[in-house]
1. Hey, could you check the stretch A:354-378 for residues that are farther than 27 Å from A:Phe265 by Cβ and touching a helix residue (DSSP H, G or I) at 6+ places or on another chain (Cβ under 7 Å) and say which is farthest from the other protein chains (Cβ to nearest Cβ)?
2. Could you tell me which of the residues A:Ile330, A:Ile315, A:Ile308, A:Ile335 is on the phi < 0 side of the Ramachandran plot and outside any helix (DSSP H, G or I)?
3. If a residue must be at pLDDT below 95, of a type in the set (Val, Ile, Thr) and part of a loop (DSSP other than H, G, I, E, B), how many such residues does the stretch D:22-50 contain?
4. Which one is surrounded by the most Cβ atoms within 10 Å (Cβ to Cβ) among residues in the stretch B:261-300 that are among the charged types (D, E, K, R) and over 23 Å from the mean Cα position of the chain (by Cα)?
5. Which members of the stretch A:253-276 meet the condition of being of a type in the set (D, E, K, R) and in contact (Cβ under 8 Å) with a residue 12 or more places away in the chain?
6. Residue by residue through the stretch C:265-288, note down the ones that are assigned to a helix (DSSP H, G or I) and within 11 Å of chain A (Cβ to nearest Cβ).
7. Which one of these does A:Pro162 not meet: (1) away from chain B (no Cβ under 11 Å); (2) under 26 Å from A:Arg252 (Cβ atoms)?
8. For residues that are of a type in the set (Asp, Glu) and in contact with a helix residue (DSSP H, G or I) (Cβ under 7 Å, 6 or more places away or on another chain), scanning just the stretch D:65-101, find the one that is modelled with the lowest pLDDT.
Protein chains: 4
Amino acid sequence: MSKLWQKKYNLDKIIEAYTVGDDYVLDQKLAYYDCLASKAHADMLGRIGVLSSEEAEKLNQELDVIISMIEKGDFIILPEQEDCHTAIESLLIQSLGDLGKKIHTARSRNDQILVAMRLYLKDQISDCNKLCKELIDTIHAFIKENGSISFPGYTHMRKAMPSSIELWASCYADSMKDNLLLLSAVMEILDQSPLGTAAGYGVPMEIDRDFTAKELGFSKVQENAIYVQHSRGKFEAMLMHTMVQQMLDLNRLASDLILYSMPEFGYFELPDKFCTGSSIMPQKKNPDLLELMRANLHVLASYETQVINLGSNLISGYNRDAQLTKGPVISGIEITQNSLRIAILLFQEIKVNSDKCASGMTDELFATKRVYDLVKEGVPFREAYQKVAKSIHS
Amino acid sequence: MSKLWQKKYNLDKIIEAYTVGDDYVLDQKLAYYDCLASKAHADMLGRIGVLSSEEAEKLNQELDVIISMIEKGDFIILPEQEDCHTAIESLLIQSLGDLGKKIHTARSRNDQILVAMRLYLKDQISDCNKLCKELIDTIHAFIKENGSISFPGYTHMRKAMPSSIELWASCYADSMKDNLLLLSAVMEILDQSPLGTAAGYGVPMEIDRDFTAKELGFSKVQENAIYVQHSRGKFEAMLMHTMVQQMLDLNRLASDLILYSMPEFGYFELPDKFCTGSSIMPQKKNPDLLELMRANLHVLASYETQVINLGSNLISGYNRDAQLTKGPVISGIEITQNSLRIAILLFQEIKVNSDKCASGMTDELFATKRVYDLVKEGVPFREAYQKVAKSIHS
Amino acid sequence: MSKLWQKKYNLDKIIEAYTVGDDYVLDQKLAYYDCLASKAHADMLGRIGVLSSEEAEKLNQELDVIISMIEKGDFIILPEQEDCHTAIESLLIQSLGDLGKKIHTARSRNDQILVAMRLYLKDQISDCNKLCKELIDTIHAFIKENGSISFPGYTHMRKAMPSSIELWASCYADSMKDNLLLLSAVMEILDQSPLGTAAGYGVPMEIDRDFTAKELGFSKVQENAIYVQHSRGKFEAMLMHTMVQQMLDLNRLASDLILYSMPEFGYFELPDKFCTGSSIMPQKKNPDLLELMRANLHVLASYETQVINLGSNLISGYNRDAQLTKGPVISGIEITQNSLRIAILLFQEIKVNSDKCASGMTDELFATKRVYDLVKEGVPFREAYQKVAKSIHS
Amino acid sequence: MSKLWQKKYNLDKIIEAYTVGDDYVLDQKLAYYDCLASKAHADMLGRIGVLSSEEAEKLNQELDVIISMIEKGDFIILPEQEDCHTAIESLLIQSLGDLGKKIHTARSRNDQILVAMRLYLKDQISDCNKLCKELIDTIHAFIKENGSISFPGYTHMRKAMPSSIELWASCYADSMKDNLLLLSAVMEILDQSPLGTAAGYGVPMEIDRDFTAKELGFSKVQENAIYVQHSRGKFEAMLMHTMVQQMLDLNRLASDLILYSMPEFGYFELPDKFCTGSSIMPQKKNPDLLELMRANLHVLASYETQVINLGSNLISGYNRDAQLTKGPVISGIEITQNSLRIAILLFQEIKVNSDKCASGMTDELFATKRVYDLVKEGVPFREAYQKVAKSIHS
């Protein structure tokens, strides 16, 4: 029918590319965790007698070799291998021959993806946890230095009542503390071992799931094999939402700082390294880093949506659609972590311009105080309010 | 310029309608909570001497009268009153005159919305909690009756390995248990009193926030006034996400049942009351209720997105955009609760057709078992797999 | 099992409420179009001999009676009737007896919903078209009065180069013109008659689809009956996207005006009727209307997403999930139309503060001009740029 | 404060990585278009006397050299160059010295991105256009071969009325035809030249925008410089929506084929190359390619959402947030094009199993026909319906 499909070769390439997607790239992040899980699986196979203890030991040593390849950046996944699981198993077979072929007993590739991803996610939650805490500490240090400075509080983007750097900055510290609560709840939920559920219906063999769960540091076994499959996507969506929560805060922080560092306000000053110039306007110092921090909320929010919808309107049991959750999840986590790093840096480097803050403290900010001065003299609130309002608007 | 704008009256109506939106309808759900918060606020004003204890008492009695109006369905909010706060204050002034005007001392409307919404959300979380637990119990009862029946397990919508009603149904029970963990974390985060932060910058007066927090049953005070404003939208998004998590499960449940109740499978039978007919095809029994349960995930997911985006790219301090979160949040919660009710009913009423389940247990489901039978005889896994595969595909 | 389900009555009510949803309310908007379509259908049935011409005539007269009931606001749909189609057919049977029962020959309820919705959507596109054009005219009138005033042009929310009210305002006029192009393409796509495809597989009877299409003013027949079903949701998503496009413009307009009407800038002044006060701060004039216009983009965008996802991962042929598209579509159209009305009003009423605009025209805005003055004197661009940059930043 | 930030070097790297993002990778797709635009710009500078005609000619030749580098895959963008614009200008300066520095006269980087992206998008629309047409042709060829086969039509995932391969397949052809209409409207809207608007406020110099527009094949100049900036994101969202429309169709197609190729139905047979096996279950032939096609709708829909939201709640004039639209747009287009290629291949390769189709044509599909047989004998429709219904359900 058309030139496009004439060559058999191209056709197969299109199909292969469509099927593999970015997995061979993304799996670089997961290979280490797959090795950990394979080590635990080999130990378990040794324990239940499928492997001799010598065989289990050899597999462990070889997996350690692969781990050091990964750490040195020498581990490569070829597109035709599709994923890290095939690449690792190939290496095992290359070095260990038939023994390498035995590692896949009593598990399926679904198992492997799930446990590697789960371990990866647990590590990422820990990292986010550390970064959030570091951000909170940095905010407190920032408050120590600048907290007592007064500057205008806004509502509806109009001057409202007096605020202070402390009040403003500790809002973000408090919000991050609540993010930590959510993160730790999600950690608790994710901290269950999927290993041993195979393709979602178990394996027709007695295996020791408690053993692998314990060896891998999970606090419990995720019992139901269908639920293990169902939780792929479900847990990812949950985690993506915690990332969105963190990004919501950073989005607001960026929005505040972009506005308040405008010369028209000048409450904050951004260090040069946070700004870029223009190729046509020589005077420009643009807050690009803050704009990107603001923008990245939307990337995260769309990733969460994507993960939710990829798992929708499908029957239970594994569906290939789940593969596509890997990309947004890994990318979304990295964006959030980098955004947290930028935010930490921000609070270390921004300057509060106390003169501009002081000159921003104009009269209208004290209108409510004048109402309450009258209230304290005994005037009913609604009447005091009217009195002050009249004095302003007329 | 145009006829459209000739009449002053219409113009004002368009502006009013655009500004008020559905608030006067939605606030019917919040009025009760606003009364509770006003009672606590009046007590606090009495305690700090702004009101006499007699005045505080009178306000309390009158608010109780309004609460019973609400309970009887006699409480009405006029569109021109905009919201429940104005409607309630109007009633207080109507009955108590000047005293009614004093209730608004040391608070703002933002305060009121926040505390009423927070109390409402806490109650709704409790309700969801109860419904999730009831669903879990119902699933267990269902398993007791039908659990031992075998039926096919699918992956990629193809027969995979043997499953059972117990394995299938307990997936949903386990998933709901994890939803409970998330719900309870979100409850803990939301359980802080926003009352007393006024418009986001406090009130120029000494008030007793601990007292109102305790009286209203909050486990702590949400200290930072700017954070209180920021948490509107943030907390709502978090709660919407827990609803999405529940709906993800119900969406999958519905997808399973719609497929498995097709005559082509017949594993499940839906009771007539879950089905509707067609106006043109007399033979039809359509699973409308399940289709709507499936569809409602997408309503919830879009509501969560809406709430997230309404709060994005805005500076801190209250922005009117937050008002629009009320609609999706209240509607989203109700849809989720009703969906849970339908799911409970489902597990009470659906029938498992054991004959159809049995005839679904065809040969290919046991291919993996045959592989493992060979493995147990000592054949290496990859070889055993090839052997069975060859016997099937040739 | 639980008190919740003890009473049969409540159970049925929950199921009914879940199934019917808001249809009986939303269908008030569609009843008129259902009558139009029924009139054309009756004529067609007369034409092909299923009805006598007298019968067709009687049905037409009775449908005109119902249309005038609708216009007077006397037409009511009871929740138990579920939708306008049942309510209208009931009225026909009430007045015409057996003849009323014949109107449903050769059509299904799906047919009716589709054709009524299609006619409704075509009318709404026309209305949006008119409103967009009126907005463009209003912008041009606004430019006529204020266009020559210079004020700062911003990039990255930093002063960039000189702009003018004309340049700024005509951006919105031009954008609306492109919206008109998109609207008219979508109108062309939607302008095909679905009537006569029944439940997606036609009717086992010779009918005259060309006749009804022509009588209802469609420019062609949508031939494929399965496509008719598939286009429900698809067309709605397309239309929602055109609404999102309009709201994107209004969102930016609102964002501009909220910022530029801050006293810190003062380039624009909002009339009082666009602002609201605060219950605690007597000085406040908040731009609520603009904030809501800004916020409503997110409502529309989430509605579009909802419509897209409701139709995803489903097989062809009608699925009940499609019912839920009605709510977001009708609500989304109304919000967009009202937002356009508000925008028209805005351009009629906002004032440009020429003094503030003039004092905003500070030196840095002319840095690029200084570069180009050097370029005109023969200095290479990159050198001229460096020269001016050095003079500013040192 | 923390080890994390001790090394100055790392800090700068984090900032650089956050700012540059994937631009240096994505811009490989845009470099060719940037060269085209630079050639036209050089010609224009020659025409208006900023460059001599010899200089313009030299730049053109050098840009042609770069174009052939790009075509051969020899063009590389270093991360520290950030984007293709810098990389190309560096090459020009390297070969041409001072003359290379003159190319940036009378334009800004914003200009360059906009025009390169616009040209890229126009080419991609053309490609989609071709692919859609090819898909339509392939469907028609498929119908020629299999169209007359009858198989069941479903509604609510229940057998409804007789359908045919022709009716089913031509639904997708018709839908694609409507996609072509939308694509061509969006092409018309995008087909305007942004070049010459610099950073959104023009250049302080007389340039000839008509000339460059014509040379680059645009059908008109996009006059308003602010609108040019605003249309970035707006146009991308519009285009993403057309991609979503195509993916909606492919999503439904995939959903149909996944279900109908289940052995439980067997209406269609998928060729082996569309299927993959399982690492644990030897019998498996999974429809992975179809599942990924189904899933990719959600990727596209989330990309559209992302693009919309990245441009929301921002004032007019360029904001850096727009940079992030590049990734989802380029990736989204490629996914759609590859999905179309897969769909074409599908219709070339799937087999209709006429035996299974025939045995699917069970009795209940003819219930409506039986009603209409009665109607033709003179029984009123509602009565005929009741009669047939009773015969079935009792």
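The values are calculated or read from the model by the stated rules, or taken from the named source; none is laboratory data. Remember, predicted model here, so these are calculated numbers, not experimental data. All Cβ positions, glycine included, derive from the backbone under ideal geometry; neighbour counts span all protein chains shown.
1. Once the filter is applied, the top-ranked residue is A:Leu374.
2. Working: A:Ile330 fails: outside any helix (DSSP H, G or I); A:Ile308 fails: outside any helix (DSSP H, G or I); A:Ile335 fails: outside any helix (DSSP H, G or I).
The unique qualifying residue is A:Ile315.
3. Total satisfying the criteria: 1.
4. Of the stretch B:261-300, the ones among the charged types (D, E, K, R) are B:264, B:269, B:272-273, B:284-285, B:288, B:291, B:294.
This time we only want the ones that are over 23 Å from the mean Cα position of the chain (by Cα), so: B:264, B:269, B:272-273, B:284-285.
Values: B:Glu264: 16, B:Glu269: 15, B:Asp272: 11, B:Lys273: 13, B:Lys284: 23, B:Lys285: 18.
So the residue we want is B:Lys284.
5. Residues satisfying the conditions are A:Asp256, A:Glu269, A:Asp272, A:Lys273.
6. Of the stretch C:265-288, the ones assigned to a helix (DSSP H, G or I) are C:272-274, C:288.
Within the stretch C:265-288, C:Asp272, C:Asp288 qualify.
7. Among (1) away from chain B (no Cβ under 11 Å); (2) under 26 Å from A:Arg252 (Cβ atoms), A:Pro162 violates only (1).
8. Per the criteria, the residue is D:Glu82.
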